[in-house]
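J.: Structure incoming, see below.
The values are calculated or read from the model by the stated rules, or taken from the named source; none is laboratory data. Just so we're clear, the structure is a prediction, and the values are computed from it rather than from any experiment. Neighbour counts are summed over all protein chains in view; Cβ atoms, including those assigned to glycine, are modelled from backbone coordinates with ideal geometry.
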Amino acid sequence: MFWELYDRYIDKIYKFVYLKTSSRDTAEDITSEVFYKAMNSIQSFRSHEEGTSFKSWIYTIANNKVIDFYRTQKSVADIEDCYDLWIQEDFASDVDNHDKIEKILAFLGTLKADQKEVILLRIWEDLSYKEISEITWKSLDNCKKIVSRGLKNIQANFILILLIILIF
């Protein structure tokens, strides 16, 4: 059973960690720590009693491992400044598309850290509001408001995004 869950979530957790660290080596190390911890504590996981899904549980472990990683760093880096969208190698090899994506990422960098995290979990990772709430320790309503406000901010600047894509 655990290996089925591992196969289902390994790529998603890797992308999630990479999103927060922007380093392949670090993402690989943390991802392995996440699944090692999950494997060792799977017996204590009770999805039906606590109302927590395995998906939100494994993302919570990953989120905590990323926080631990930044806490142990010698140089104090602001975790909110370390976000980056995961781009597939074959897609990134296309220089024109890569440049456009970099410009969009720069725009996403203008969002507040909590907006960026919750929006990326909702849209990029396709997590439910309940799962995001469990991962971020924010209320369900707060997660919905954060996404709504963030998307309104993006929508307000949609023309700017289109111009960036079309001009460059």
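J.: Between residues in segment 133-145 that are not assigned by TED's automatic domain parsing to the domain that holds Val118 and residues that are modelled with pLDDT of 90 or more, which pairs lie under 7 Å by C-beta distance while being six or more apart or on different chains?
T.: If the second residue must be modelled with pLDDT of 90 or more, no pairs are left.
The rows are residues; the columns are (1) modelled with pLDDT under 90; (2) of a type in the set (A, V, I, L, M, F, W, C).
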site	(1), (2)
Ile30	no, yes
Lys37	no, no
His48	yes, no
Lys65	no, no
Tyr70	yes, no
Asp81	yes, no
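J.: Might you let me know whether segment 86-96 holds any residue that is surrounded by 15 or more Cβ atoms within 10 Å (Cβ to Cβ) and modelled with pLDDT of 90 or more?
T.: no
J.: Filter segment 10-54 for residues that are at negative phi, touching a residue at least 12 places away in the same chain (Cβ under 8 Å) and within 13 Å of the chain's Cα centre (by Cα) and give the result.
T.: Lys12, Ile13, Tyr14, Lys15, Phe16, Val17, Tyr18, Leu19, Lys20, Thr21, Ala27, Thr31
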